[in-house]
2 protein chains.
Amino acid sequence: MTLKLPGLIDAHVHMRDPGAEYKEDWTSGTAAALTGGFTVVLAMPNTQPPITNDKNLSLALEAGRHKARCDFAQFLGAGPDNAAVIPALSQKAAGMKMYLDQTYGPLRLDDMTLWRDHLSQWPVDAPIAVHAEGRSMAAIILAATFFGRSVHLCHVSTREEILLIKAAKEKGLNVTCEVAPHHLFLSDEDIKHLGVGKSEVRPRLATRADCEALWDNIQVVDCFATDHAPHTLAEKDGLNPPPGFPGLETAFSLLYTAVSQERISVDDLVSRMYTNPRRIFNLPEQQQTWIEIDQKARYEIGSSNFYTRCDWSPFSGWKVVGRITRVVLRGNEAYRDGQVLAPPGYGVNIRY
Amino acid sequence: MTLKLPGLIDAHVHMRDPGAEYKEDWTSGTAAALTGGFTVVLAMPNTQPPITNDKNLSLALEAGRHKARCDFAQFLGAGPDNAAVIPALSQKAAGMKMYLDQTYGPLRLDDMTLWRDHLSQWPVDAPIAVHAEGRSMAAIILAATFFGRSVHLCHVSTREEILLIKAAKEKGLNVTCEVAPHHLFLSDEDIKHLGVGKSEVRPRLATRADCEALWDNIQVVDCFATDHAPHTLAEKDGLNPPPGFPGLETAFSLLYTAVSQERISVDDLVSRMYTNPRRIFNLPEQQQTWIEIDQKARYEIGSSNFYTRCDWSPFSGWKVVGRITRVVLRGNEAYRDGQVLAPPGYGVNIRY
């Protein structure tokens, strides 16, 4: 029995390109995206160099133009000294990303007065995505209200965060949010079997109670986004394991399994993986684009042979329901039965 | 030339009574208060035991009733499990104190969902004072707006905090704040000569730029409050120096020196040490109460012979202008020329 859905949108991926192509590049990352049913990915700016100016944005967009197999856009990073400069680039970018808490890469805005500079100057109709945990999340919501603008809160992971967002929405504040599958399906109880290094991720794996609160408040969640953050197994098992999980190839099946268990509906899935991210990030429609799912397929997530160059998954061994069998992107078959068919360069920058 | 001002109000003192009377009690602490020109002190609840319920509130109020030489009220502490209970005590308390960041004592509300419990249940016309630094301060401002109520932000110490409060006030949010003299007059550059242990205070001594930002935005500051937090010199010089400075006996002269230098006006002083704290904490007028100041007196702050039991000051050696010569409290001379005349028990609980 085949289910046909719109091409999925992942509003939060790390392509590692430019600068760390040994763990992922636009070619491998977008192959992983198509395999996972995503026809648009929005790439984060904490690359090497970080995407904080026109020159570096061009680097990323050129790499994407030549290598991406699915459609894409690139976030600009808010830095301590580029608030006045990047608004001119807003039309070319997926949006602006503000890092307010510690994560991977060099971008972070420690002082709240720096937030003000960005919130006041970035165009009010251009998206802002924020890495802000706990109290930082409340702080950026307040700051955004001062400037009468929306913010999209990335990878919500805790009970206090989702209840905060629920309260903010009830008060009519203009906030949206995303949750990553690993924060829905994994908790700190999984660190034991995953291992400490492999479990490293920001925000950290939270408690079982936090996971349950995310599920209990799933109607507050606007988007599912993978926060696909590939690092090699050697790095994850090394002395300073970097935070992040690959997620593009496993997100849909994990979430569709939740559909099969009637934890969420297909409509819940489509709104969070297509309708809402498209609205929030103001993405164009992709003509003649859809994905096909074998709803009855049951399989176990493997431990290798992924398209992502880092070639591992924190979900190895998980039994899931629902397999993507075909992806049609702008009239052409881009993926079928395990084979990525769209060549590098087929993907277009949706903010061209 | 004698200046006559209203009896000063210190909205933030630690009397250490009950539980740590070896460093301060209501007798010694209120002697220090009168010496410093304060005729009302509001005592914080992080005592031993902490003032988090009716029984412990009675302990503190009984001690105050027998020992206090000036008028007083006692804060209740917001704990993780007393949100439903303490509103019934609100009329007997100076207000509720919420500790949202690490400081001295056992009270702290880590999870923002605990804040909600208190903000929703504490009477909207009863004061809430908050220890919240940086992003926590922005978070509690947001949370307070959800419940349409005011919050008083204690010991503002940084540029980002005072600019945050300025922005919040400009947006019409119902926030007030206080600054402690040590954050106006000392910075992290003073740690070297004070010594690391003696310099310990929460919020920490900030940068010179932070101090300057407080002065530059002094019109945003509603109150000067000492955060008088006595610890013995042996403790401060010991292995785990507790945070806090005594401040009651030095605050006025330090601030009056700023008046003499024309950094602030006498009106600025009176509004921040009398009018505003009286309004914010809804304090009754003290009949026939005033203080007299020798405006021309110049003296050097000593290193001992204070009334505070801990008997030291981070301001030893500072040359100041303006000396309190006489305090009249409810028609009786309570202090004159170095001598505290009001006996223990003369002070009344203004929330009796």
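Which entries of B:198/B:319; A:23/A:198; A:92/A:171; A:171/B:169; A:92/B:171; B:97/B:192 have Cα-Cα distances beyond 25 Å here? As for pairs spanning more than 25 Å Cα to Cα, those are A:92/A:171; A:92/B:171; B:97/B:192. Taking amide H as placed 1.01 Å from N in the peptide plane, the amide H of residue B:206 sits under 5 Å from that of B:188, each at least 5 places away or on another chain. How much net charge surrounds residue A:347 when only other residues with a Cβ under 10 Å from its Cβ are counted (Lys, Arg +1; Asp, Glu -1)? Value of the local net charge: +3. Leaving ligands and nucleic acids aside, the A/B contact buries around 2100 square angstrom of accessible area in total at a 1.4 Å probe radius. Cα centroids of region A:229-275 and region B:183-198: 49 Å apart. Under 5 Å from the amide H of residue A:25 lie the amide H atoms of A:309, each residue being 5 or more positions distant or on a separate chain, with H modelled from the backbone and absent for Pro and chain starts. Inter-label distance, residue B:267 to residue A:298: 8.1 nm, where each label sits 7 Å from its Cα along the C-beta direction. DSSP bridge analysis restricted to region A:2-340 gives an antiparallel fraction near 45%, rounded to the nearest 5. Under 5 Å between amide hydrogens, built in the peptide plane, is the criterion, and for residue B:74 it picks out B:43, B:94 among residues at least 5 positions away or on other chains. Label point of residue A:275 (7 Å along Cα→beta-carbon): distances to the other copies' equivalent points are 5.6 nm, sorted ascending.
Under the rule of -39500 (n - 2.57) per DSSP H run of 4 or more residues, summed and divided by the residues of chain A, what mean residue ellipticity at 222 nm is obtained, to the nearest 500 deg cm²/dmol?
-8000 deg cm²/dmol
In order along region A:26-31, phi translates into HN-Hα couplings of 4, 5, 6, x, 7, 5 Hz, rounded to whole numbers, per the Karplus curve 6.51 cos²θ - 1.76 cosθ + 1.60 with θ = phi - 60° and x for Gly and Pro.
Each other copy places its own label point for residue A:49 at 6.2 nm from this one, sorted shortest first, where the point lies 7 Å along the Cα-to-beta carbon line. If you roll a 1.4 Å probe over chain B with all protein chains in place, what percent of the accessible area is carbon or sulfur? Of all accessible area on chain B, carbon and sulfur atoms account for 48 percent. The simple spin-label model puts a point 7 Å past each Cα toward its Cβ; for residue B:22 and residue A:102 those points are separated by 3.7 nm.
Which whole number gives the average count of other chain Cβ atoms within 10 Å of the Cβ atoms across peptide B:129-139?
On the way: counts 0, 0, 0, 1, 1, 6, 15, 5, 4, 11, 11.
What the average comes to for B:129-139 is 5.
Across region A:103-206, Cα-Cα distances exceeding 20 Å account for 44% of all pairs. Backbone geometry of region A:38-52 corresponds, through the Karplus equation with coefficients 6.51, -1.76 and 1.60 at θ = phi - 60°, to 3J(HN,Hα) couplings of 8, 10, 9, 10, 10, 9, 7, x, 8, 8, 10, x, x, 8, 10 Hz, x marking Gly and Pro.
Each principal axis of the Cα atoms in chain A has its own extent, and those three values, largest first, are 52, 44, 43 angstrom. Average accessible surface for region A:2-340: 36 Å² per residue, computed with a 1.4 Å probe over protein heavy atoms with every protein chain in place.
The values are calculated or read from the model by the stated rules, or taken from the named source; none is laboratory data. Quantities reported herein were computed from a predicted structural model and do not represent experimental measurements. Cβ coordinates were reconstructed from backbone atoms using ideal geometry, including for glycine residues, and neighbour counts include every protein chain displayed. Note: accessible area is taken over every heavy atom of the protein model, side chains too, but ligands, DNA and RNA are not part of it. Shrake-Rupley method; radii C 1.70, N 1.55, O 1.52, S 1.80 Å.
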